[in-house]
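Notes for the one structure printed next.
The values are calculated or read from the model by the stated rules, or taken from the named source; none is laboratory data. Just so you know, these numbers come straight off a predicted model, no measurement behind them. Methodologically, a virtual Cβ is constructed for each residue, glycine included, from the backbone with ideal geometry; neighbour enumeration extends over all protein chains shown.
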Amino acid sequence: MQEQPKTSLPENAYRELAKGEEYQPVMGPQESPVEVTPYSVTLGILMAVLFSAAAAYLGLKVGQVFEAAIPIAIIAVGLGQMRGKKNMLGQNVIIQSIGASSGVIVAGAIFTLPALYILGLDAQFYQVFLSSLLGGVLGIVLLIPFRKYFVKEMHGKYPFPEATATTEVLVSGEKGGSEAKILVAAGLIGGLYDFVVSTFGAWVSSLSTSMWGWGKALAANFKLTFGLNTSAAVLGLGYIIGLKYALIIAAGSALVWFFIVPLVGSLEGALNASETIALLGITDAKLLAEPSLIFTPENLYTYIGRPIGIGGIAMAGLIGIVRQAGIIKSALSLAKNEFGGKKTATSEPRTGQDIRMKTILSVLIAALVATLVFFQFGVLHNWTQTIVALAIVFVIAFLFTTVAANAIAIVGSNPVSGMTLMTLILSSLVLVSIGLEGKSGMVAALVIGGVVCTALSMAGGFITDLKIGYWLGTTPRKQQTWKFVGTFVSAATVAGVMIIMNETYGFTAEAAQALGHNEPLIAPQANAMAAVIQPLMMDGVTPWLLYGIGAGLILVLTLIGVPALPFALGMFIPMSLNAPLVVGGLVSWAVNRHKNPAQAKANNNRGTLIASGFIAGGALMGVVSAIIAFTGADWMLTEWSKSMGAVYLGIVAYVALIAYFIWHSRRAKIEE
């Protein structure tokens, strides 16, 4: 009678507590659950490696980084069931917490550091690794003092969407085996689908209106073009994002591609192409040799639309900071009390024990000293500039930590790209003012941005882990301690994958052509960083007017209630990568359409598993394809992949994938 299956959370888990009411987690403070074991640590590290590789590939390929917490939780629960083990909840939380380091470290790294390659700068393994590792460590130690505020003081006031989903998976261990099988099957299908495209070119990976004669005429005469990436991974991503946010993101793309680009393109006869290129500060050799090419839809997007999107992202980040001023003040007050040693005489229960504040302060000082050494001897080689760079990193990371955590707690997405853009602009202006510019200045600013971006990404992601632990009754100190291990492994993995991807595919058109590919890796956020930093550091033309237009547009949209960050990201990321998000959102809408709410919920849960499988499988097989290409093997059906047969086969395959997605999701059974 004492060992009741722990398959549900307390009734007050998601609502605000009444005065005097206490939340009792699934594993109570008086219990001593098994948490840290060789099994949980080993599997957590394995998940960190696998999902770091997958997330890095997907992020560099399409600019979207999926959160690994839910798939890892499903795998952990499923493996526990297959091994016939009971009372695995404590170990599964540790597995998930270590493994989930992957997504947050990857986001911090790939949003900034590929810009080193894009700008033609040399990026060593140790620079990528240390930027990610030190940023991750700073994010952990700066967030821990605010844990109680976010997970306990604000209990029931924040929805924590990703933490909620992950917690439900972990606590429903009895269902883990069947759910893991669905995830694996979807992963195999999605992985095989994307592998066949990327390795053999059996069908096109992206559809475009320019593939047909009428589309070419539309692009030439009206500067209108439409593209659709047909990857299984991106389709799954659209499902999880949902139709609402997918439409907002796509609306940003539509504004740029269907209004701004055609509007500027319509002035082709009135504008002098050479003067336009000079005005925008364009240094592209092809455009300088043939100025009229500036008026293609793609180039108008790159040099007009994208800077507007950059301004929008920066403004969206600034709005987020202003809105969270009160939260930052409250969290800092709580942290001050903790650092000041204001504790009660009684010891904290097991479920409330953090790493000691003295230890946190020691780790923080050690991380800052390590960052100082890294900046001085690995990047700057000038003590004045190094100290200024360290001050920028610490101040911005410290102030924005709670903003990142709050964003995750409310909407489940972290606006690190917008905040990092502001960091780059600020750090570039400061570094230029103390005499650091040119190529060395760009390297310094990007490494600084990489550390800050990873710190903010980790802070946002780690609060999800800590909330999961709070609901379930994990020992926070153990989560926090082993998070450092996951950070180290993920940082090493993403550094390796980034170098492999650069040497296999390249991040610029010139690099891709030299490697025998038509299209470079898109890395949209890193391209944004490169576009921002180059004119600031090279005394070039900075498109402040375009940045201002984007910022003003987002400010107006915010005033009328439109979510700022998704719309701004839509303006920056190409339409071909945003349109399939809408397709995934429509699949979600179709799956959830049912008269019986219970059946609709079951369908959605199954659909989420399939989408997660598509994402993980497609991304992992993408890494396999990259490794195959890296070894020199070439299995591409070159002639066929360029034919219209590959185009029509791509349409058929994509429709079949969507049909399977909907059909399999709607086969879910209602749990009794």
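Selection within the stretch 629-660: residues that are in contact with a Ser or Thr (Cβ under 6 Å, 6 or more places away or on another chain) and modelled with pLDDT under 80. The member of this set that is farthest from TYR193 (Cα to Cα) is PHE630. Applying the set (1) buried (at least 23 other Cβ atoms within 10 Å of the Cβ); (2) at pLDDT 80 or above to HIS594 leaves exactly one unmet item: (1).
Only one of THR209, THR225 is modelled with pLDDT of 90 or more and touching a Pro at 6+ places or on another chain (Cβ under 6 Å); which? None of the other options fit; the residue is THR225. Of the residues GLY187, GLY242, GLY236, GLY191, the single one that is surrounded by fewer than 20 Cβ atoms within 10 Å (Cβ to Cβ) and either at pLDDT below 90 or under 29 Å from the mean Cα position of the chain (by Cα) (or both) is GLY242. Scanning the stretch 218-226 turns up at least one residue that is in contact (Cβ under 8 Å) with a residue 60 or more places away in the chain, surrounded by 17 or more Cβ atoms within 10 Å (Cβ to Cβ) and of a type in the set (Lys, Arg). Annotation note: of ALA579, ALA659, ALA616, the sole residue that is in a helix (DSSP H, G or I), surrounded by 21 or more Cβ atoms within 10 Å (Cβ to Cβ) and either in contact with a strand residue (DSSP E or B) (Cβ under 9 Å, 6 or more places away or on another chain) or free of Cβ contacts under 8 Å to residues at least 12 places away in the same chain (or both) is ALA579. Of everything listed in (1) in contact with a Ser or Thr (Cβ under 6 Å, 6 or more places away or on another chain); (2) under 23 Å from ASN229 (Cα atoms); (3) surrounded by 22 or more Cβ atoms within 10 Å (Cβ to Cβ), the single unmet condition for ASN603 is (2). In the condition set (1) surrounded by fewer than 24 Cβ atoms within 10 Å (Cβ to Cβ); (2) touching a residue at least 40 places away in the same chain (Cβ under 8 Å); (3) outside any loop (DSSP other than H, G, I, E, B), GLY645 is compliant with all but (2).
For the stretch 557-569, a residue qualifies if it is at pLDDT 85 or above and buried (at least 23 other Cβ atoms within 10 Å of the Cβ), and exactly one does: PHE567.
Residues in the stretch 300-320 that are of a type outside the set (A, V, I, L, M, F, W, C), at pLDDT 75 or above and either crowded, with 21+ Cβ neighbours inside 10 Å or over 30 Å from GLU275 (Cβ atoms) (or both): TYR301, TYR303, GLY305, ARG306, PRO307, GLY309, GLY311, GLY312. Going by what's in this entry, would ALA564 be described as free of Cβ contacts under 8 Å to residues at least 40 places away in the same chain and aliphatic (A, V, I, L, M)? Considered against the rule, which asks whether it is free of Cβ contacts under 8 Å to residues at least 40 places away in the same chain and aliphatic (A, V, I, L, M), ALA564 comes out as no. Candidates are the residues of the stretch 265-274 that are assigned to a helix (DSSP H, G or I) and free of Cβ contacts under 8 Å to residues at least 40 places away in the same chain; the one that is farthest from ILE304 (Cα to Cα) is SER274.
This table checks each residue for (1) in a helix (DSSP H, G or I); (2) closer than 17 Å to GLY305 by Cβ.
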position: VAL204; (1), (2): no, no
position: THR225; (1), (2): no, yes
position: GLY236; (1), (2): yes, no
position: ILE240; (1), (2): yes, no
position: ALA246; (1), (2): yes, no
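Residues that are under 14 Å from THR384 (Cα atoms) and either part of a helix (DSSP H, G or I) or in contact with a Lys or Arg (Cβ under 7 Å, 6 or more places away or on another chain) (or both) within the stretch 428-460 comprise VAL430, LEU431, VAL432, SER433, GLY441, ALA444, listed in sequence order.
Do we find a residue being over 19 Å from ILE110 (Cα atoms), part of a loop (DSSP other than H, G, I, E, B) and either touching a helix residue (DSSP H, G or I) at 6+ places or on another chain (Cβ under 7 Å) or at pLDDT 90 or above (or both) anywhere in the stretch 36-55? Yes, because at least one residue in the stretch 36-55 is over 19 Å from ILE110 (Cα atoms), part of a loop (DSSP other than H, G, I, E, B) and either touching a helix residue (DSSP H, G or I) at 6+ places or on another chain (Cβ under 7 Å) or at pLDDT 90 or above (or both). Listed by first and then second residue, the pairs linking a residue in the stretch 275-303 that is in a loop (DSSP other than H, G, I, E, B) to a residue that is buried (at least 18 other Cβ atoms within 10 Å of the Cβ) and modelled with pLDDT of 85 or more, with Cβ atoms under 7 Å apart and 6 or more places separating them unless they lie on different chains, are ILE282/TYR303. Using the structure shown, decide if LEU424 is hydrophobic (A, V, I, L, M, F, W, C) and either crowded, with 24+ Cβ neighbours inside 10 Å or part of a helix (DSSP H, G or I) (or both). Answer is yes for this residue. For the residues GLY252, GLY215, the requirement of being over 21 Å from MET571 (Cβ atoms), at pLDDT 85 or above and either crowded, with 20+ Cβ neighbours inside 10 Å or out of contact with any Pro (no Cβ under 7 Å at 6 or more places or on another chain) (or both) singles out GLY215.
Counting residues in the stretch 321-333 that are at pLDDT 85 or above, part of a helix (DSSP H, G or I) and buried (at least 20 other Cβ atoms within 10 Å of the Cβ) gives zero. One residue stands out among those in the stretch 245-282 that are under 26 Å from ILE610 (Cα atoms) and β-branched (Val, Ile, Thr): the one that is farthest from the chain's Cα centre (by Cα), which is ILE248.
Flag set for ALA512, criterion: part of a helix (DSSP H, G or I), out of contact with any helix residue (DSSP H, G or I) (no Cβ under 9 Å at 6 or more places or on another chain), within 15 Å of PRO114 (Cα to Cα) and of a type in the set (A, V, I, L, M, F, W, C).
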